[in-house]
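Below you'll find the structure, written out as structure tokens, and then a few comments.
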Amino acid sequence: MSEEQLDKLRQELRRGVLVLAVLGSLKQPHYGYSLRKQLQEAGIDIDEGTLYPLVRRLADQGLLESEWQQGDGRERRYYQLSAAGATLLANLTSEWQSLNTNIATLLEV
């Protein structure tokens, strides 16, 4: 398998968990750059062209609340989980843990 093929498969694998990672990160308010930095510090490198549309889509779906706040001399849009987002995060976390357990069993075989 080529490195290019492996990279594509890695991207597919990661794409499915980005929503979970973003929701988990937004238990506390963040603006775009601070959210991206937190994700990177957790080992999840995500480019702006992926992160910002994802955050906007989650907000449009009512999973995030947002508000403009003044910070460091400029206005920034801060995002945080809504009640619906917190419920979804709990459900997705449970599903993730179950999948992890099941996959770990398969990989041990």
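The values are calculated or read from the model by the stated rules, or taken from the named source; none is laboratory data. Computed from a predicted model, the values in this text were never measured in an experiment. Cβ placement follows ideal geometry from the backbone for every residue including glycine, while neighbour counts extend to all protein chains displayed.
Quick rundown of the values:
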read-out	value
Residue match in segment 31-54 (condition: surrounded by 11 or more Cβ atoms within 10 Å (Cβ to Cβ), touching a strand residue (DSSP E or B) at 6+ places or on another chain (Cβ under 9 Å) and outside any helix (DSSP H, G or I))	yes
Residue that is farthest from Leu13 (Cα to Cα), among those in segment 28-76 that are among the basic types (Lys, Arg) and either in contact with a helix residue (DSSP H, G or I) (Cβ under 6 Å, 6 or more places away or on another chain) or at pLDDT below 95 (or both)	Arg74
Hits in segment 11-23 - residues which are surrounded by fewer than 17 Cβ atoms within 10 Å (Cβ to Cβ) and part of a helix (DSSP H, G or I)	Gln11, Glu12, Leu13, Arg14, Arg15, Leu18, Val19, Leu20
